[in-house]
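Worksheet: the structure to be examined is printed underneath.
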Amino acid sequence: MNQQTGTIIGISGNMLTVTFEGTITQNEVGYAVHGDAHLKSEVIRIQGNKAFLQVFESTKGLKVGDTVEFSDELLSVQLGPGLLTQIYDGLQNPLPELAEAHGFFLPRGVILDALSKGRKWHFTPLVQKGDKVRKGYYLGWVPETQFKHYIMVPYYLEGELTVESIRKEGDYTIREIIATVKDEKGQMHDVSMYFEWPVKLPVKAYKHKILPTQPLVTKARIIDTFFPVAKGGTYCIPGPFGAGKTVLQQITSRYADVDIVIIAACGERAGEIVETMREFPELIDPRTGKSLMERTIIIANTSSMPVAAREASVYTATTLGEYYRQMGLDVLLLADSTSRWAQAMRELSGRLEEIPGEEAFPAYLESRIAEFYERAGMVELYNDEKGSLTIGGTVSPAGGNFEEPVTQATLKVVSAFHGLSRERSNARRYPAIHPLESWSKYESFVLYDTVQKARDFLKKGSDVHQMMMVVGEEGTSLEDFIIYLKSEFIDAVYLQQNAFDPVDAATNPERQKYVMNQIYEILGSEFQFSDNEEARTFFYDLRQKFIDWNYSEWKSDEFNSQEKSIKKLIEGKKKHA
Amino acid sequence: MRKIYNKVLSVSGNVITVKATDVGYEDLAEITTRLGKSLAQVIKLEDDIVSLQVFAGSRGVSTTDEVRFLGRSMQVAFSDNMLGRIFNGSGMPRDGGPEITENLISIGGPSVNPAKRIIPRRIVRTNIPMIDVFNSLVASQKLPIFSVSGEPYNELLARIALQAEVDMIILGGIGLKFDEYMKFRNTLEDGGALNKSIFFVHTASDPVVEGLMVPDLSLAVAEKFALQGKEVLVLLTDMTNFSDALKEIAITMEQVPSNRGYPGDLYSQLASRYEKAVDFDGAGAITILAVTTMPGDDVTHPVPDNTGYITEGQFYLRNGRIEPFGSLSRLKQQVNKDTRDDHRAIMDGMIQLYAQYLETEEKRSMGFRMSTWDKKLQKYGKLFESGMMDLSVNIPLEEALDRGWSILAECFSTEETGLRSELIKKFWPKKTESKGTEV
């Protein structure tokens, strides 16, 4: 293979214009040579003999006339055992290893192996010579943290393949050949325990996609009960700054009932991802009793890291998610924030001098966002097992205004919308998901009628509140006032959840159903009050008891006795016909 | 030495173009005009056409002026001799002292590897109760002060600089008014802090482009000192001027504006500066306090809006006071659990009561009847404003907490405060002492 090279003829920000001879491919990787450093870049437009490349690093010091080496490969990630517990940058460079080799700062033009070359994995074969396989079929497995990491037929091999040889059970590195397969044309292919896959191509090594219906339990009450997410589904969390998007993502990454969590910190504060990086290894996953890090991959491309790599980081994270989905696992990808990713596209589009759309975002913004969320899904694999990739993205709309292009394009393609509101976060009502504006197309595990009743009260309560702002409490009838108090009650004891309390932070589905039933009963009950003041005192009392109930361990003695005292309080005030 | 070019092809805004080869991106050039010498930086290369932004502005640039490329990007000296000195936006002395050329370092260096950061956990005491008690400043935090023009934000910065427990202070002034800058200098001099400070000052009368370098100069020097184990506080005022300078260049370069004329990369530009705030694993820290003036008091304006998404909270300065609502230190939870038992309780309790006071005030202005409870709140609100919120209050954290208790005791009975009983037992002032004390 001849190494294709080109010459830089223009530099503007992180974009290079390069002349070349011969063949180059769209999205091919090139390296701008600057002294010893090779600056990774990607072809994003070709025009005649001119190629436009976005550079994933700072272009400082590059000159017109410098050489670009083309690689003939699309921007890819390495897939194989050893991904879990890793912390990568947007291009799959392992950050801890980089720190070890280069100290405090991220050096330019250094590329490290994403997966350890030397580490041995204990391989157990699952096929025999002569077996017919296809891309994505399991050839064997190695243990990776608590999972069986299946070694698969690489996704780039098409058609039916025959296993010609397979290694015996034993310890191998990822580079050793563990199998040889023959394709339909009789050509032989060596297979090792890892392969590369272009990040921008969705992995499709499965039978078909199926409708996501199984709830993904996040243990956040307002989400699970009111605005649920399904395994393999998509949801978005737009909100102004300070409304708690990142905290909500952090809580979800801890408590969500999935096998694997991939956190893509895309153009956000470094401090936040540092918290996750430093705390996760210490935290215990209640499902497995192991460290949370064992089920986590972090892709950290924070706001001060190169913009083009930010654009790539979202794709890198998605590809890793699809890879684990192929093993029959439930994967949750949390992207924070997709607005930064969209802004990276905007910067690039500006440098390409494309005709801008709304707020200077490129015209293809919507289709790119759609493509990204469409990579989520529950799939049926060739072995009839199911795997899922759920995508949850935060959106940071300018000025907190949801009418902007990224929020709108996202709302078109996701199936659940958790809109955060500044009023709720100012009032310290966390999580600040707006109960009237948010929606979800998925079904909750809590009975529909129960949820609907609560929703009704929230809506009516908000209307009464509006009215009270004008006429004052004196001008509000006792009946309306009680509706308002009931809605405030649901808000305080159910929608709001204390993320810093070990018990309240995560509510399991049984408990959610149980508590919702209790609330349903209260909402349906009529109470005997002489005036507004008495009603208020009663509901404040009830609220206090309920909050204490929330703080007590599920089905503990404290839980039971608190429940009794709540029932007693209610019975005392109920109207008896 | 380096090649010299004598033909300026175009002059547009503060950007000039020259035909030249072998020029690196972001390299510096020196241009000699009839008005003197100025630095210029390469911002675009297209074949042999080089676009440069001229720091001193394009005024007086003629088509035959001399352009000499320096073959390097912007650098700044780094030495202990810089302490107590004042430099301009190009890094040249502005205090009449000698030029410092030792130990030159590049500015705008690479970003810190997240794996080398640690979770911040040291409080930076400022002796301002609205900060220390209610929104503690934490070493390595990046916090802007959102404010409208005319508010005493620079006085506030100067006071924090004077009182904060840090090893050194770097002030980056962008578009600073001359008298503001002199006031800063005098305040620090009078307070005896000048010898641990370095100033990079670009005044409102200096060419706009020169202001663009100020944050990078300040932060590059800060970073080096932090790596030596120093606790550095960087003050930047005013970042809205910085953003406006970015806007000016972007428009001159005919970039497509995204929002109100600001370039699409405003977020990344601001982030790459603010993200220099860091607590190094095994070395010092950089804390950044910046002023962001909000045109028209509009927090959705692109500059404060983008800033809010980048920084770890914000202080709202309004009517000469730090607003308790809206102001937020995202990192306060990391430190306020270790200061004193009652810190969090006082922080939440007093703010909740103050919120109730504001509701009462609203009711009063609408003509509703005032109950006894309302009257208590009114008394509380006034004491809170004068004893805690007023910027002239200058007391250490512990004293501020004590004062909080005495204000509460003066206005309310113990149950009315909603504070936990064990704390009340420990901290509630004895009756005789609380009457008419210092507040």
- Would you pick out the residues in region B:1-16 that are part of a strand (DSSP E or B) and in contact (Cβ under 8 Å) with a residue 60 or more places away in the chain? B:ILE4, B:TYR5, B:SER12, B:VAL15
- Name the residue, out of A:GLU272, A:GLU294, A:GLU311, that is within 14 Å of chain B (Cβ to nearest Cβ) and surrounded by fewer than 24 Cβ atoms within 10 Å (Cβ to Cβ). A:GLU272
- If you go through B:ILE119, B:ILE160, the only one that is within 14 Å of chain A (Cβ to nearest Cβ), closer than 30 Å to A:PHE105 by Cα and aliphatic (A, V, I, L, M) is B:ILE119
- Task: From B:GLU362, B:GLU385, grab the single residue that is without any contact (Cβ under 8 Å) to a residue 40 or more places away in the chain, farther than 15 Å from B:ASN135 by Cα and either of a type in the set (Asp, Glu) or assigned to a strand (DSSP E or B) (or both).
- Result: B:GLU362
- List the helices (runs of 4 or more DSSP H) that sit entirely inside region B:188-280 and contain at least 2 residues that are within 30 Å of A:GLY103 (Cβ to Cβ) and of a type in the set (A, V, I, L, M). B:214-227, B:266-274
- Task: Please identify the pairs in which a residue from region A:237-251 that is among the polar types (S, T, N, Q) has its Cβ atom under 7 Å from the Cβ atom of a residue that is surrounded by 23 or more Cβ atoms within 10 Å (Cβ to Cβ), counting only partners at least 6 apart or on another chain.
- Result: A:THR246/A:GLU268; A:THR246/A:ASP336; A:GLN249/A:LEU334; A:GLN249/A:ASP336; A:GLN249/A:THR394; A:GLN250/A:THR276
- Expected single match for hydroxyl-bearing (Ser, Thr, Tyr) and surrounded by 16 or more Cβ atoms within 10 Å (Cβ to Cβ) among A:THR537, A:THR507 is A:THR507
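Quick one: which residue in A:PHE280, A:PHE226, A:PHE241 is aromatic (Phe, Trp, Tyr), under 23 Å from A:VAL395 (Cα atoms) and within 14 Å of chain B (Cβ to nearest Cβ)?
Values: A:PHE280 fails: under 23 Å from A:VAL395 (Cα atoms); A:PHE226 fails: within 14 Å of chain B (Cβ to nearest Cβ).
Residue meeting the stated conditions: A:PHE241.
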- Query: For region A:16-48, which residues satisfy the criterion of being within 14 Å of another protein chain (Cβ to nearest Cβ) and either of a type in the set (Gly, Ala, Ser) or more than 29 Å from the chain's Cα centre (by Cα) (or both)?
  - Reply: A:LEU16, A:THR17, A:VAL18, A:THR19, A:ALA32, A:VAL33, A:HIS34, A:GLY35, A:ALA37, A:SER41
- Note on the structure: Filtering region B:289-331 down to residues that are more than 12 Å from chain A (Cβ to nearest Cβ), over 22 Å from B:ASN259 (Cβ atoms) and touching a Phe, Trp or Tyr at 6+ places or on another chain (Cβ under 8 Å) yields B:PHE315, B:LEU317, B:ILE322
- Note on the structure: A:ILE222 fails exactly one of (1) in contact with a Phe, Trp or Tyr (Cβ under 8 Å, 6 or more places away or on another chain); (2) assigned to a loop (DSSP other than H, G, I, E, B), namely (2)
- Check on B:GLY418, more than 14 Å from B:ASP132 (Cβ to Cβ), within 14 Å of chain A (Cβ to nearest Cβ) and surrounded by 14 or more Cβ atoms within 10 Å (Cβ to Cβ): no
- Evaluation of B:ALA345 against (1) surrounded by 16 or more Cβ atoms within 10 Å (Cβ to Cβ); (2) over 30 Å from A:GLU272 (Cβ atoms) (one fails), failing number: (2)
- Task: Quick one: in region A:464-492, of everything that is aliphatic (A, V, I, L, M) and exposed (fewer than 12 other Cβ atoms within 10 Å of the Cβ), which residue is nearest to A:LEU436 (Cα to Cα)?
- Result: A:MET469
- Task: Evaluate the following for A:VAL55: is it within 15 Å of A:LEU352 (Cα to Cα), in contact with a Leu (Cβ under 9 Å, 6 or more places away or on another chain), of a type in the set (Val, Ile, Thr) and crowded, with 19+ Cβ neighbours inside 10 Å?
- Result: yes
- Message: If A:ALA432 satisfies all but one of (1) under 23 Å from the mean Cα position of the chain (by Cα); (2) outside the structural domain of A:TRP341 (by TED's automatic domain parsing); (3) modelled with pLDDT of 95 or more; (4) surrounded by 20 or more Cβ atoms within 10 Å (Cβ to Cβ), what's the number of the condition it fails?
- Response: (3)
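The values are calculated or read from the model by the stated rules, or taken from the named source; none is laboratory data. These numbers were taken from a predicted model, which means no experiment stands behind them. Note that we place each Cβ from the backbone using ideal geometry, even for glycine, and neighbour counts take in every protein chain shown.
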